[in-house]
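The values are calculated or read from the model by the stated rules, or taken from the named source; none is laboratory data. Keep in mind that what you see is a predicted model, and the values were worked out from it rather than measured. Don't worry about glycine lacking a Cβ; one is built from the backbone with ideal geometry, like all the others, and counts go over all protein chains shown. The area values use the complete protein model at the heavy-atom level, side chains included, leaving out ligands, DNA and RNA. Shrake-Rupley method; radii C 1.70, N 1.55, O 1.52, S 1.80 Å.
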Amino acid sequence: MMDYRLDRWAFETRATKLVCEKVAQAYGGPTIIQKGGKDYISNGKFTLVSEGEGGLKRSGGQGDTLTGSLGTLLAYRKAYHDRIWDHDNSLEPAETLALAAFGGSAITRECSRLAYKDFGRSLQAGDLTNHVHTAFLNTIGEPTSNL
C-alpha cells in the first residue's frame with residue numbers, strides 16, 4: 001500500500017508542473033521559471049525540473065542571484081547562436097533557452113546551499129554573492145577547451 005504522503009507529494013508535483021506549463025501556454029510559449037521547493041522551467045511544450053539541494057531558508061532578494069546567473073547564461077546562449085566559436089550548432093534556440101534557465105536555477109540553488117552552510121538561519125540574500133563562482137563551477141564546470 002502506498003504511503004498517502006508520498007501519493008499526495010506526487011500529485012502536488014504533477015499539479016505544480018502542469019500549472020507552470022499552462023501559464024507558459026496561455027502567454028504564447030515564453031520560458032517560465034517557477035521557483036519553489038523544486039523549480040519548474042517550462043515553455044508550455046516541455047518542462048525541466050531543477051531540484052538540486054538549496055539552502056533551508058529563503059530570503060527576499062535571492063531572485064537577484066537568479067537574475068544575474070540568467071543574464072550570464074543568456075549571453076553565452078547568444079554567443080553560441082552567433083557562432084563566435086567553432087561548434088556543431090546542434091542545439092535549437094528553444095533548447096538553449098531552457099538550458100540557460102535551468103542553469104540559472106541550478107546555480108542559485110547551489111549558492112543558497114553553500115550560503116546556508118556558512119550562515120544557517122541568519123542567511124541573507126547578499127550572502128549568496130560570495131558563492132557565485134563556486135556554485136558556477138559546481139554546476140557548470142570549467143570550459144573543456146579554449147574559446
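Points worth noting:
- Selected residue [of a type outside the set (Phe, Trp, Tyr) and open to solvent by 70 Å² or more (accessible area, probe 1.4 Å)] from Glu142, Glu110: Glu142
- Residue match in the range 103-124 (condition: touching a strand residue (DSSP E or B) at 6+ places or on another chain (Cβ under 6 Å), hydrophobic (A, V, I, L, M, F, W, C) and modelled with pLDDT of 95 or more): yes
- Some residue of the range 29-39 being open to solvent by 30 Å² or more (accessible area, probe 1.4 Å) and modelled with pLDDT under 90: yes
- A residue that is closer than 18 Å to Gly141 by Cα, touching a residue at least 24 places away in the same chain (Cβ under 8 Å), in contact with a Lys or Arg (Cβ under 8 Å, 6 or more places away or on another chain) and assigned to a helix (DSSP H, G or I) occurs somewhere in the range 60-80.
- Candidates Ser105, Ser90, Ser122, Ser42, filtered to the one that is open to solvent by less than 20 Å² (accessible area, probe 1.4 Å), polar (S, T, N, Q) and either over 25 Å from Lys22 (Cα atoms) or without any contact (Cβ under 8 Å) to a residue 60 or more places away in the chain (or both): Ser42
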